[in-house]
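Asker: This is the structure, below, for whatever I ask next.
None of the figures in this text is laboratory data; all of them are computed from the coordinates on show. Worth saying up front: this structure is predicted, and the values here are computed from it rather than measured. A quick note on method: Cβ atoms are made from the backbone with ideal geometry, for glycine too, and the neighbour counts reach across all protein chains shown.
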Amino acid sequence: MNYSVPDFDVGIIGGGPAGSSMAAYLAKAGVSCVVFERELFPRPHVGESLVPSSTRVFKELGFLEKMEQNKFPYKYGAVWTASGSSSSAYEHDWEGLSADCKADIRFEEREQPGVDQIHTYHVDRGKFDNLLLHHACGFGAKVYEGVGVQGVDFDADPNYAAIKYTIGKKECSTSCRIVVDASGRKTLVGNQLKWRIKDPVFDQYAIHTWFDNYDRRAMAYKENLTNYIYVHFLPITNSWIWQIPITETITSLGVVTQKKNFAKSRESREKFFWDCVASRPELYAGLKAADQMRPFTEEGDYSYAMKQIAGDRLVLAGDAGRFVDPIFSTGVSIALNSSRFAHKDIIGALETGNFKREAFNNFETTIRRGTKNWYNFISVYYRLNVLFTAFILDPRYRLDVLKLLQGDVYEEQEPPVLARMRSIVAEVERNPKHVWHNLLGDLTANAFVEAAA
Ligand SMILES: Cc1cc2nc3c(=O)[nH]c(=O)nc-3n(C[C@H](O)[C@H](O)[C@H](O)COP(=O)(O)OP(=O)(O)OC[C@H]3O[C@@H](n4cnc5c(N)ncnc54)[C@H](O)[C@@H]3O)c2cc1C
């Protein structure tokens, strides 16, 4: 093989939102790039509710018109509900903070720089991912579907890396100056380099499916809330249900819980789904009257970080770089914003010829900052749900929390509202007589004492 001229400047592994948006940014800027996607699109995928920070990427890529033309349901905000049986626990107020077993918020309440629409979208990922990948093709990115990459040889040549795959029985290799691993939770290159670290706290599992003709008014306690995403807290610790509109009539429902609650056999896991739903009787009645459209799909053991998310000739984008629990619908936004930040470093590296890890430093520090903020937010949330609803309902904190929910997490300063939440959690943890003490979840136990000290 002749490595003197690379086949492409950039080789991208995976054609999900991280890979396709990266290809679109690069091809739009005139960089030669190729995407290897092991599936044939469209294919189903979990992760159907977006946050508004995605809109900046859609705008920059000229993709917003396609989102509108394809009539993805508008998402105006989010709703959280807790079961009636636990609602009495939410009645305790503390230092002017008053909790409630339900809360909702609209994105339009906070003006978001660079985002001039009041909605984001819920998406059928089969359709959305396919459109975005084809959008990248439209800019000139080369895309191979049905080609699973087996590994990357970073030592094949001093000047290039070689992406390895087979077509039929033929072993193939494509050379490129920079590799982007966007292989999602498969974390192809992270595994190869042994960079993956399992999250010590979160070991969440999910089981989910789509229903047709579920009447979304069943859980809407106010008018105009039917098209929001719903997070229904369950009376089982650290467990919740998502409710996401996919079309006018189709709704995605998924139970998220901890591994220890997740039964071994498939039958008992399906029973577990229905038992969880039954803890919310209105939801149960609504779903039993609807039609399940797909078999259940499971997602397991998915929280992890990587020792590093960039290396020499290498960028890890989206889930390939880190996965945090999906409670705030963060994943697609992180994937898209990975490309938004990383493509600039990649173009800079191609211009200077410096392909060392340091060339991708802006990307690495910005994305790490964002995912750290999400992670801290999620940790507070799991530790003390009630605090989250209290903050949402309090005018002192509502817009600061909304900023996080909109996906604006990448600024240099840590959002002050997170420090405030952490110090309250630490106080509740320390004081067994605190009105919220018995509402503490058992994840991230004592995580905040040190931070608050
Ligand atoms: C239970 C659950 C609920 C979630 N809910 C939400 C939500 O509501 N909102 C949200 O924004 N996010 C959500 N997410 C997260 C979201 O699914 C991901 O963050 C998002 O899909 C990441 O995009 P990506 O491009 O990095 O990876 P992916 O979308 O997974 O894309 C990776 C692509 O790489 C391909 N690939 C893998 N290995 C190879 C290989 N060896 N060779 C070639 N191709 C390969 C795969 O086929 C896939 O198409 C959820 C996740 C889970 C687990």
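Asker: Restricting to bridges with both residues inside the chain, how much of the DSSP beta-bridge set is antiparallel, in percent to the nearest 5?
Answerer: Given both bridge residues lie in the chain, the antiparallel proportion sits at roughly 75 percent.
Asker: Okay, next question. Could you tell me which of 146, 156, 167 has its Cα farthest along the dipole of the stretch 63-172 towards the positive end, charges placed at Cβ (Lys, Arg +1; Asp, Glu -1), taken about the Cα centre?
Answerer: Farthest along the dipole direction, towards plus: 167.
Asker: Peptides 111-118, 207-214, 165-172: what's the order by average Cβ count within 10 Å, highest mean first?
Answerer: The peptides rank, most packed first, as 207-214, 111-118, 165-172.
Asker: Just to be sure I understand: if I project the alpha-carbon convex hull of the stretch 204-299 onto a plane and average over all orientations, what area do I get in nm²?
Answerer: 5.7
Asker: Starting from the amide H of residue 314, placed 1.01 Å from N in the peptide plane, find each other amide H under 5 Å away whose residue is 5 or more places distant or on another chain.
Answerer: When sequence neighbours closer than 5 places are left aside, the close amide H contacts are 179.
Asker: Can you give the net charge of the other residues whose Cβ lies under 13 Å from the Cβ of residue 375, counting K and R as +1 and D and E as -1?
Answerer: +3
Asker: Now for a separate question. May I ask which residue of 69, 435, 190 lies farthest towards the positive end of the charge dipole of the chain, with charges of +1 (Lys, Arg) and -1 (Asp, Glu) on Cβ and the Cα centre as origin?
Answerer: Looking along the dipole axis, the top candidate is 190.
Asker: Highest first, please rank the peptides 229-238, 8-17 by the mean number of other Cβ atoms sitting within 10 Å of their residues.
Answerer: 8-17, 229-238
Asker: With unit charges on the beta carbon (Lys/Arg positive, Asp/Glu negative), name the residue among 235, 30, 201 whose Cα is farthest towards the positive pole of the charge dipole of the chain.
Answerer: Of the candidates, 201 comes out farthest on the positive side.
Asker: With +1 assigned to the C-beta of every Lys and Arg and -1 to the C-beta of every Asp and Glu, and no other charges, what is the dipole magnitude of the stretch 204-299 about the Cα centre in debye, to the nearest 20? Intermediate results must be reported in sequence, preceding the final value.
Answerer: Numbers: 12 positive and 11 negative charges, 76 e Å.
So the magnitude is around 360 debye.
Asker: Once both axes come from the Cα atoms, what is the angle between helix 331-352 and the longest principal axis of the chain, in degrees from 0 to 90, rounded to 10?
Answerer: Its long axis makes an angle of about 30 degrees.
Asker: Here is a follow-up. With θ set to phi - 60° and the Karplus curve 6.51 cos²θ - 1.76 cosθ + 1.60, what are the ³J(HN,Hα) couplings of the stretch 279-295 in order, to the nearest whole Hz, using x for Gly and Pro?
Answerer: Whole-Hz 3J(HN,Hα) from phi for the stretch 279-295: 6, 10, x, 5, 5, 4, 4, x, 6, 5, 7, 9, 10, 6, 9, 9, x.
Asker: Could you give the spread of the C-alpha atoms of the stretch 49-168 along their three principal axes, from largest to smallest, in whole angstroms?
Answerer: Over the stretch 49-168, Cα extents along the principal axes are 64, 33, 29 Å.
Asker: State whether the stretch 114-209 is rounded, prolate or oblate according to the following rule on the C-alpha gyration tensor (a ≥ b ≥ c being the square roots of its eigenvalues): a/c under 1.5 gives rounded; otherwise a/b larger than b/c gives prolate, and the remaining case gives oblate.
Answerer: Oblate, since a/c reaches 1.5 and b/c is not below a/b.
Asker: If the cut-off is 19 Å between C-alpha atoms, which lysines fall inside it for residue 271, apart from same-chain ones fewer than 8 positions away?
Answerer: Here the lysines satisfying the reach criterion relative to residue 271 are 259, 260, 288.
Asker: How high is the relative contact order of the chain? Use alpha-carbon pairs under 8 Å, at least six apart in sequence, and give a whole percent. Don't skip to the answer; put the middle values down first.
Answerer: Values: 903 pairs, mean separation 92.0, N = 453.
Averaging sequence separation for qualifying contacts and normalising by length gives 20 percent for the chain.
Asker: In addition: Which shape class, rounded, prolate or oblate, goes with the chain when its Cα gyration tensor gives a ≥ b ≥ c as root eigenvalues, a/c under 1.5 marks rounded, and past that a/b bigger than b/c marks prolate?
Answerer: It comes out prolate by the Cα gyration axes.
Asker: Among 429, 39, rank each residue by its count of other Cβ atoms within 10 Å, from fewest to most, as a rough exposure measure. Before the final figure, lay out each step's value.
Answerer: On the way: 429 21, 39 16.
Ascending number of Cβ neighbours within 10 Å: 39, 429.
Asker: Next question, about the same structure. Between residue 70 and residue 167, what is the spin-label point distance in nm, taking each point 7 Å from the Cα along the Cα→C-beta axis?
Answerer: If labels sit at residue 70 and residue 167, their model points lie 2.6 nm apart.
Asker: Further, regarding this structure: So what's the back-of-envelope 222 nm ellipticity for the chain, counting only DSSP H runs of four-plus at -39500 (n - 2.57) apiece and dividing by all residues, rounded to 500?
Answerer: Calculated mean residue ellipticity at 222 nm is -10000 deg cm²/dmol.
Asker: Oh, and also: Once the Cα atoms of helix 266-278 and of the chain are each reduced to a long axis, what angle between those two axes, in degrees from 0 to 90 to the nearest 10, is obtained?
Answerer: 50
Asker: Suppose every Lys and Arg Cβ carries +1 and every Asp and Glu Cβ carries -1, with no other charges. What dipole size does the chain come out with about its Cα centre, to the nearest 20 debye? Can you show the working numbers first?
Answerer: Numbers: 53 positive and 56 negative charges, 138 e Å.
Dipole size: approximately 660 debye.
Asker: Moving to a separate point now. Quick one: putting +1 on the C-beta of Lys and Arg, -1 on the C-beta of Asp and Glu, what dipole do you get for the stretch 310-453 around its Cα centre, in Debye to the nearest 20?
Answerer: 140
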